[in-house]
1. Mind checking which residues of region 55-73 are more than 7 Å from the ligand (Cβ to nearest atom) and surrounded by fewer than 22 Cβ atoms within 10 Å (Cβ to Cβ)?
2. Of all the helices (runs of 4 or more DSSP H) wholly in region 152-260, which have at least 3 residues that are outside the structural domain of residue 13 (by TED's automatic domain parsing) and either touching a helix residue (DSSP H, G or I) at 6+ places or on another chain (Cβ under 6 Å) or surrounded by 16 or more Cβ atoms within 10 Å (Cβ to Cβ) (or both)?
3. Return yes or no: is residue 118 assigned by TED's automatic domain parsing to the domain that holds residue 18, within 10 Å of the chain's Cα centre (by Cα) and closer than 19 Å to residue 152 by Cβ?
4. Of the numbered conditions (1) over 16 Å from the mean Cα position of the chain (by Cα); (2) under 15 Å from residue 112 (Cα atoms), residue 76 satisfies every one except a single condition; which is it?
5. Which numbered condition trips up residue 124, out of (1) more than 16 Å from the ligand (Cβ to nearest atom); (2) modelled with pLDDT of 95 or more; (3) open to solvent by 10 Å² or more (accessible area, probe 1.4 Å)?
6. Return the residues of region 85-108 that are open to solvent by 40 Å² or more (accessible area, probe 1.4 Å), in contact (Cβ under 8 Å) with a residue 60 or more places away in the chain and not β-branched (Val, Ile, Thr); say none if nothing qualifies.
Amino acid sequence: MELETVQLHIIDNVAHVILNRPEKRNAFNSQMIMDLTDAFRTLAEHSCRSIVLTGEGSTFSAGADLDYMSEMREASHQDNLKDAMRLADLLELIYTHPKPVIARVNGPVVGGGNGLVAACDIAVAKKGSFFAFSEVRLGITPATISPYVIRRIGEGRARLLMLTGERFTADQALEYGLVHRVAVMGDLEHAVHGYTTALSLGGPKALEECKKLIQKVGEEPLDSVKNYTAEMIADLRVSEEGQEGMGSYLDRRDPEWQKG
Ligand code: ACO
């Protein structure tokens with residue numbers, strides 16, 4: 001797999017996906033969306049246990065590439081739609097990815113960059129980073145990212161942040177629920193490592209199913225998920241992984257998946 005704008009390294013069962021256009025503050029153009037899609041598709045089949053998404057250089061991501069976006073004025077509505085769908089598909093791929101994904105927010109996050117953060121399961125931000133939904137100031141809206149951001153921070157906060165376009169701090173992002181933790185630079189690695197270690201203790205299939213559970217139960221009314229939740233636990237407790245997990249606890253040994 002050849003990636004032009006993204007780096008991919010796998011170290012000790014953790015995949016690191018790095019946005020790599022630091023000279024453009026990791027703004028994403030169509031090549032980066034393609035590269036990220038290829039990287040996340042490949043990782044869905046890989047045996048790594050978790051994925052860390054981060055940016056090279058001073059910024060996590062400056063959102064959509066504005067040079068590229070303004071060039072799209074020459075394109076037809078159909079081509080603009082196809083292009084926007086590629087970002088929508090990428091966000092869905094990350095959100096529904098079988099592996100847990102951690103956003104390591106190494107610096108500012110503007111516009112669409114917030115969609116990448118919100119599509120991740122866990123987000124840790126470097127203290128001093130700032131965030132902004134600048135879209136309305138550019139005469140557009142945070143359209144494709146909105147399903148993930150609104151689920152994460154709620155409609156009320158989305159109204160404040162998306163309508164004003166004002167910058168907010170990492171501590172405010174923590175308070176709003178966009179990120180789960182704020183760490184000073186030296187502690188950022190430590191915080192991310194703490195999460196990848198915790199994730200490596202869970203059964204791989206259990207983590208995958210747990211992501212589906214959270215999504216479905218979060219989206220659907222109580223009465224329509226009752227059967228689904230009962231079916232899930234009925235299947236998982238007799239599954240190979242469920243039996244191994246509970247058996248290892250009773251035998252006072254580590255489960256097989258923690259040995260790899
Ligand atoms: N698209 C294209 N190029 C960009 C983008 C972008 N979104 N953001 C930054 N760049 C480019 C700049 O034009 C500049 O290029 P140049 O060196 O060729 O002149 C280079 O990246 C560095 O930018 P600076 O602004 O000098 O970097 P700084 O570190 O001071 O600030 C920051 C970083 C805060 C991210 C700033 O660049 C910024 O606010 N960018 C605009 C972000 C934005 O509004 N994005 C929303 C896009 S809309 C959407 O996502 C749907």
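The values are calculated or read from the model by the stated rules, or taken from the named source; none is laboratory data. These numbers come from a predicted model, not from an experiment. All Cβ positions, even for glycine, are placed from backbone atoms using ideal geometry, and neighbour counts span all protein chains on display. Surface areas here come from the heavy atoms of the whole protein model, side chains and all, with no ligands, DNA or RNA. Shrake-Rupley method; radii C 1.70, N 1.55, O 1.52, S 1.80 Å.
1. 56, 57, 68, 70, 71, 72, 73
2. Details: elements: 155-164, 170-176, 185-201, 204-219, 222-237, 240-250.
Result: 204-219, 222-237, 240-250.
3. Yes; evaluated as a whole, the condition is true for this residue.
4. Failed condition: (2).
5. Only one criterion in (1) more than 16 Å from the ligand (Cβ to nearest atom); (2) modelled with pLDDT of 95 or more; (3) open to solvent by 10 Å² or more (accessible area, probe 1.4 Å) is unmet by residue 124, namely (3).
6. 95
Let's see how each residue does on (1) of a type in the set (Val, Ile, Thr); (2) within 16 Å of the ligand (Cβ to nearest atom); (3) touching a strand residue (DSSP E or B) at 6+ places or on another chain (Cβ under 6 Å):
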{"position": "30", "(1), (2), (3)": "no, yes, no"}
{"position": "52", "(1), (2), (3)": "yes, no, yes"}
{"position": "82", "(1), (2), (3)": "no, no, no"}
{"position": "85", "(1), (2), (3)": "no, yes, no"}
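Residues checked against (1) among the charged types (D, E, K, R); (2) farther than 26 Å from residue 162 by Cα; (3) at pLDDT 95 or above:
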site	(1), (2), (3)
174	no, no, yes
178	no, no, yes
181	yes, no, yes
188	no, yes, yes
195	no, yes, yes
203	no, yes, yes
214	no, no, yes
